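**Q** Can you keep this structure in mind? I'll have questions shortly.
The values are calculated or read from the model by the stated rules, or taken from the named source; none is laboratory data. Please read these numbers as outputs of a predicted model, since none were measured by experiment. Note that we place each Cβ from the backbone using ideal geometry, even for glycine, and neighbour counts take in every protein chain shown.
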Amino acid sequence: MPKLLLAADSPLGHVVNQQETIWNEIQWVGEIGNVASTHVIMLVTGGILLLLAMLLASKRIRTGGDTEGNDRYVTKGRLAQIIEVMFLYLRDEMIQPILGEKQTRRWTPFLFTTFFFILTLNLLGMIPMQDFHHFLHHFVGKDDYLPAFGGTATANINTTAVLALCAFVAIQIHSFRELGFMGWLDHLTCGLTKGPKGLLLVVPIVFAVEFAGVFIKPVALAIRLFANMMGGHILLATIIMLPSMAQLGLEPGGGSWWAVSAATGLFAMALTLLELFVAFLQAFVFMFLTAVFISLMSHEEHEEEDHDADDVAAEVAAIH
């Protein structure tokens, strides 16, 4: 029964990065080391799928020739229509009110690449390929069976750290471009150096807090994405394992065991829908907070917009 339930000895086995894969059996890959882990394969697979999907969608969104009449303005295909609606809504309703029209045009490529890449990895992680590996491992009865891919790459702190590092670099590029080095330093003091002389005593404290915040913000992005994806998948794996664990105290095939199995199945279905929502939510939160952090390092004329963006960011963060 554990084989049919895709159960492992530990729920971590369903989500952790597997270093030993069939790809490392290739001679030229094996010479480098165990570089082709399951999460690395998922990163490459997600990148390729995202590139192909966007190329396909862009062709179907693009305005056609004059011979097509009014139909040339109609987006063709369900995938292209979904991507277009998501793009327009997020750009016009979420990003542009925060960054303004000019900065939205500048940072939209980066922000939406981040959003759709994280979303692709999150959705790929919901496909139980890691569990299928455990099933084959037990069903085939081969101890040396190696997986080809599987797992959620965004449930790996190394992946989210690199994504956060990209966001950190983007934020600092915008900061120095908009404010310059001296303006960047003045921003970290909240402008207190231009205020009353008595406030100079608190400038070192304010600067230390703000300077730490420069690094804490991307770290928070990395930990939030990692923790939500890892925690959700561990919980789902634990729930799915309950019927297998129930065999220790219940008669397999008995009425109580079937009741536990039925309840587990229904709860797992509901939790899967919640995980699907979280996959979209976490991709959005990462992109949105990156946009907020970029907007906070703009010129003073955007100060009112920055405060509004900060309030919205606090509301989004409160969800978690």
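**Q** Looking only at the stretch 73-129, count every residue that is within 18 Å of ALA57 (Cα to Cα), without any contact (Cβ under 8 Å) to a residue 40 or more places away in the chain and either assigned to a helix (DSSP H, G or I) or not β-branched (Val, Ile, Thr) (or both) and tell me the total.
**A** 19
**Q** Just to be sure I understand the filter: pairs with C-beta atoms under 6 Å, separated by 6 or more residues or on different chains, first member in the stretch 224-243 and over 25 Å from ALA262 (Cβ atoms) and part of a helix (DSSP H, G or I), second member modelled with pLDDT under 85 and among the hydroxyl-bearing types (Ser, Thr, Tyr). Which pairs pass?
**A** MET229/THR152
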